[in-house]
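Just so it is clear, none of the values below were taken in a lab; they were calculated from the coordinates. Remember, predicted model here, so these are calculated numbers, not experimental data. When we count neighbours, we look across all protein chains shown, and the Cβ atoms used for this are built from the backbone with ideal geometry, even at glycine.
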Amino acid sequence: MSRLGIYAEMIEEKRKAAGLTPAGFREDGTDSAASEKEEMLRKLYERTDAHLPSGIGGQSAR
């Protein structure tokens with residue numbers, strides 16, 4: 001299952017309609033908050049991975 005859970009499809013559709021990549025960035029490269037979003041996304045994944053059982057997810061699984 002996606003990290004977006006049951007709302008993944010709805011979120012993906014909204015991002016696509018807004019001209020954003022699947023990660024929520026502008027496709028034309030003019031996203032002034034891109035570095036902030038990347039940092040927030042990195043922290044979100046770190047927190048999520050920290051709550052997973054050993055051997056599931058995390059950096060070793062990528």
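A few points about this structure:
- Computing FRET efficiency as 1/(1 + (r/R0)^6) for residue 54 and residue 9, where r is the C-beta to C-beta distance and R0 is 25 Å, gives about 0.25.
- Distance between the pseudo-spin-label points of residue 17 and residue 45 (7 Å out from Cα toward the beta carbon): 2.7 nm.
- Within straight-line cross-link reach of residue 14, aspartates and glutamates at Cα separation under 20 Å, skipping those fewer than 8 residues along the same chain: 27, 28, 31, 38
- Using θ = phi - 60° and Karplus 6.51 cos²θ - 1.76 cosθ + 1.60, couplings along the range 8-23 (whole Hz; Gly, Pro as x): 3, 4, 5, 5, 4, 5, 5, 5, 4, 5, 8, x, 9, 6, x, 8
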